[in-house]
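> Take a look at this one; I'll ask things after.
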Amino acid sequence: MKLYRQGDILLQEVSSLPVDLVAIPRADGKIVLAKGEATGHAHTISDAECVLFAQPAETGAGTSTHNLARTTWLTIRKAFAMLDHEEHDALIIPCGQYRVIRQREFDRNMIRMVAD
């Protein structure tokens with residue numbers, strides 16, 4: 001199993017994806033893995049050969065495409081894709097399937113997503 005980290009995003013390579021996933025729409029032509037609430041900076045992939053997925057119940061109206069408290073899955077269908085962010089070096093992610101994990105933190109008796 002391979003792992004790739006960029007800031008508060010962790011990509012965990014998986015051998016297969018769940019069968020009932022649906023594609024999450026792109027924002028301005030980009031896949032948005034996470035968007036900072038404070039800065040607006042985003043972890044994005046622009047490559048057309050990549051798709052971000054979620055469970056059908058987690059993609060309905062009112063569900064943000066960038067505030068990923070839910071589990072999402074990424075497929076890269078070519079040799080590699082670039083994961084970009086304004087405050088981090090670009091990261092080369094090889095062809096494959098990945099579980100997208102957001103880093104969490106403990107704050108005064110609650111667990112929350114890390115905010116950029």
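> Surrounded by fewer than 17 Cβ atoms within 10 Å (Cβ to Cβ) and either in contact with a strand residue (DSSP E or B) (Cβ under 7 Å, 6 or more places away or on another chain) or modelled with pLDDT under 95 (or both): does that describe residue 36? Give the derivation first.
On the way: surrounded by fewer than 17 Cβ atoms within 10 Å (Cβ to Cβ): no; either in contact with a strand residue (DSSP E or B) (Cβ under 7 Å, 6 or more places away or on another chain) or modelled with pLDDT under 95 (or both): yes.
Here the answer is no, as residue 36 does not meet what is asked.
> Among the residues of the range 9-31, which ones are among the acidic types (Asp, Glu) and free of Cβ contacts under 8 Å to residues at least 60 places away in the same chain? So that I can check it myself, show each step before the final result.
Of the residues in the range 9-31, the ones among the acidic types (Asp, Glu) are 13, 20, 28.
Result: 20, 28.
The values are calculated or read from the model by the stated rules, or taken from the named source; none is laboratory data. Please read these numbers as outputs of a predicted model, since none were measured by experiment. Using ideal geometry, Cβ is built from the backbone for each residue, glycine included, and neighbour counts are taken over all protein chains shown.
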